[in-house]
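Please read the structure below before turning to the comments.
Please treat every number below as a calculation from the coordinates, not as lab data. Note that this is a predicted model, so its numbers are computed, not measured. Because the Cβ atoms are built from the backbone with ideal geometry, glycine has one as well, and the counts that use them run over all protein chains shown.
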Amino acid sequence: MIGYGVATSAFQVEGGVDAHGRGPSTWDEFCTRPGAIKDGSDASIACDSYHRFDEDLELLVGLGVSAYRFSISWPRVQPTGSGPTNAAGLDYYDAIVDRLLANGIRPFPTLFHWDLPLALEEAGGWPARDTALRFAEYADLVVSRLGDRVGTWATMNEPWCTAFLGFAAGVFAPGIREPKLAFDAAHHLLLGHALAAEAMHARDAAHEVGIVLNLNTVRAEPEADAQAVAVVEAIQNGIWLDPLALGSYPDAVLVPRALHDGDLELIRGSADWVGINYYTPFRVGAPLADEAGVGQQAEAFPGAPPFSFRPRGPLTTMGWEIDPTGLEELIRDVSERMPGTPLRVTENGAAFADTTADDRDRIDYLSAHLAVVERLHADGLDLRDYFAWSLLDNFEWAEGYTQTFGLVAIEPGTLRRQPKASYRWYADYIAAHR
Ligand code: IFM
């Protein structure tokens, strides 16, 4: 049976960045840099979910979800990323877990959704091996507190974004453009996942520890450079799936300098399940004459010969092509590359302008993608959950508040939650498919 849920992440919804001993994160700092966030905003208040979890819970109950995917803020739990725990931070998530369970909702936490404690970023961040070790300690301390009630865990969310948008394109925190560091960061994110899984399993072998990846179906336009297509595929998908499934890095990518003997043996087989975040396929074409093929996103694929992304309409306001067949191809591909590994769709959704609360375009998007999930599940693929992104309109990273993915809008100023038509539609869908 598929579990239907919704997803959020701590930095995007919580706010309360100074509350009860939370330390600063790399994203708090990144938001202060002129030009880093499109609308000059930050996430200091966001949806204020830190203080309004009651309201969010009411929305979750109204939807009838079987699971809620949220993330735990590392700097709230361990303000400097190592050393003493902030008791108030752990208490906060402990209460969330209890309240979800009391309402029949399975807590589905992610341990790292990009908000690295700033002290760790200043000590080298993910390109430094020590960050992977600290992550495993943090994972262990969270599981030691919540592990009696939480059985399924995600370690990392979309490590590609942290590594390649953060260290190659430089458009995400920490805003660095040194591709070799991106490969080192990628390796340490995988290593951190594997070390955390080891520590969590040592506490209780029954914990199901997975990793959430933003994988993409990569489509080649006729004039595309084959090597560019291979590099895009390898950096988006293979650099994560191959070490996890095969214990090796794909030929098309630079082998990280950070690789030590024994690391790949540790990483191989370390994911009890894989979460797929799918929004759009990537269509790779020849470079465009006016920009020599190097757009902001192309910089996130170091080593690729010049190319351009050529999304075909219809597009969401993120400029992402809408194509549910890409989800089907992707899930089939991942299930072949990771045989026997349960899969989940851990994020899927769309940003639209939402000029009225009647967001028919989002309903169409979700229903088309859910139809794929139902079909694949009926075909016998081991697909366990589907999470719509997102419960709430929230802080969309470098896009600030300019992109709205929520089933529920947030009224500016009052932060009042205003369910859209898609919220009611999803509630009906869940009720009909339970
Ligand atoms: O908002 C993000 C989320 O944090 C990670 N996955 C993609 C979403 C939409 O861009």
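Here are the numbers for this structure:
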| read-out | value |
| --- | --- |
| Surrounding net charge for L330, when Lys and Arg each add one and Asp and Glu each subtract one, Cβ distance under 12 Å | -3 |
| Gyration tensor (alpha-carbon) shape descriptor, the stretch 295-370, a/c threshold 1.5 | oblate |
| Environment charge of S41, counting only residues whose C-beta is closer than 12 Å and scoring Lys/Arg +1, Asp/Glu -1 | -3 |
| Net charge contributed by nearby residues that have their C-beta within less than 13 Å of R417 (K/R +1, D/E -1) | -4 |
| Segment R312-E178, extension gain: residue separation times 0.36 nm, minus the distance between their alpha carbons | 45.2 nm |
| Gyration tensor (alpha-carbon) shape descriptor, the stretch 38-108, a/c threshold 1.5 | oblate |
| Rounded if a/c under 1.5, otherwise prolate or oblate - the stretch 287-434, Cα gyration tensor axes | oblate |
| Sites H433 and D251, calculated FRET efficiency, Cβ-Cβ separation with R0 51 Å, nearest 0.05 | 0.75 |
| Most mobile listed residue (A136, A378, A304) in the chain, GNM with C-alpha springs under 10 Å | A378 |
